[in-house]
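**Q** One structure coming up, written as structure tokens, with questions to follow.
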Amino acid sequence: MDEFHQLPLNLQFSNYARYENAQEMFADIQRGQLWVSADSYDSAVYPNPIYGLIFQGMYDWDRYLIGSDFSLEGEIAAYKFTAKPAPS
């Protein structure tokens, strides 16, 4: 949870995907804001919807840090970067 608290972003919940591409998302992140869409994660997976919001915010921040796009290769790179600090 410490990582979430350190995000330099204002996370906003959205009922739909607001970004057509990573460049649009990166532009918002550079302004200190990130829209997180319920379409971006399966809210049925998380016991509390806030966990999905938090995870997606951290995942998209990591995507921004490494500059990965929404392609399959970009998703894999973002996943690996996000998963790296997790204990195995």
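**Q** Could you report the chain's accessible area per residue, 1.4 Å probe, as an integer in Å²?
**A** On a per-residue basis, 66 Å².
**Q** Counting only protein heavy atoms, what percent of the accessible surface of the chain is carbon or sulfur at a 1.4 Å probe?
**A** 53 percent
**Q** Can you give the charge dipole size of the chain about its Cα centre, rounded to the nearest 20 debye, using +1 on the beta carbon of Lys and Arg and -1 on the beta carbon of Asp and Glu?
**A** The dipole of the chain has a size of about 160 debye.
**Q** Something else: Using modelled amide H (1.01 Å from N, peptide plane; none on Pro or chain starts), what sits under 5 Å from the amide H of PHE13, excluding residues fewer than 5 places away?
**A** Under 5 Å from the amide H of PHE13: VAL36.
**Q** Taking amide H positions as placed in the peptide plane 1.01 Å from N, state which residues far from PHE70 in sequence (5 or more) or on other chains have amide H under 5 Å from it.
**A** The answer is ALA22.
**Q** With labels modelled as points extended 7 Å from the Cα through the Cβ direction, what inter-label distance (nm, one decimal) is found for ASP39 paired with GLN12?
**A** Those two pseudo-labels are separated by 1.6 nm.
**Q** Calculate the spin-label point distance for TYR79 paired with ASN48, positioning each point 7 Å from the Cα along the beta-carbon direction, and give it in nanometres.
**A** For the pair ASN48/TYR79, the computed spacing is 2.7 nm.
**Q** Please list TYR59, TYR51 from largest to smallest accessible area, probe radius 1.4 Å, with all protein chains kept in place.
**A** TYR51, TYR59
**Q** Between [x] 122; [y] 95; [z] 105, which entry matches volume of the Cα convex hull per residue in Å³ as derived from the coordinates of this structure?
**A** [z]
**Q** While we're on this one: Could you work out the relative contact order of the chain? I mean the mean sequence separation of Cα pairs under 8 Å and 6+ apart, divided by the number of residues, in percent.
**A** Normalised by residue count, the contact order of the chain is 26 percent.
**Q** Whole-Hz ³J(HN,Hα) for each residue in region 10-19, computed from phi via Karplus 6.51 cos²θ - 1.76 cosθ + 1.60 with θ = phi - 60°, x for glycine and proline: what do you get?
**A** 9, 6, 10, 7, 9, 7, 8, 6, 9, 10
The values are calculated or read from the model by the stated rules, or taken from the named source; none is laboratory data. Given the structure is predicted, the values throughout are model-derived calculations rather than measurements. Every residue, glycine as well, gets a Cβ built from its backbone with ideal geometry; the counts of neighbours run over all protein chains shown. All accessible areas refer to the heavy atoms of the entire protein, side chains included, with ligands and DNA or RNA removed. Shrake-Rupley method; radii C 1.70, N 1.55, O 1.52, S 1.80 Å.
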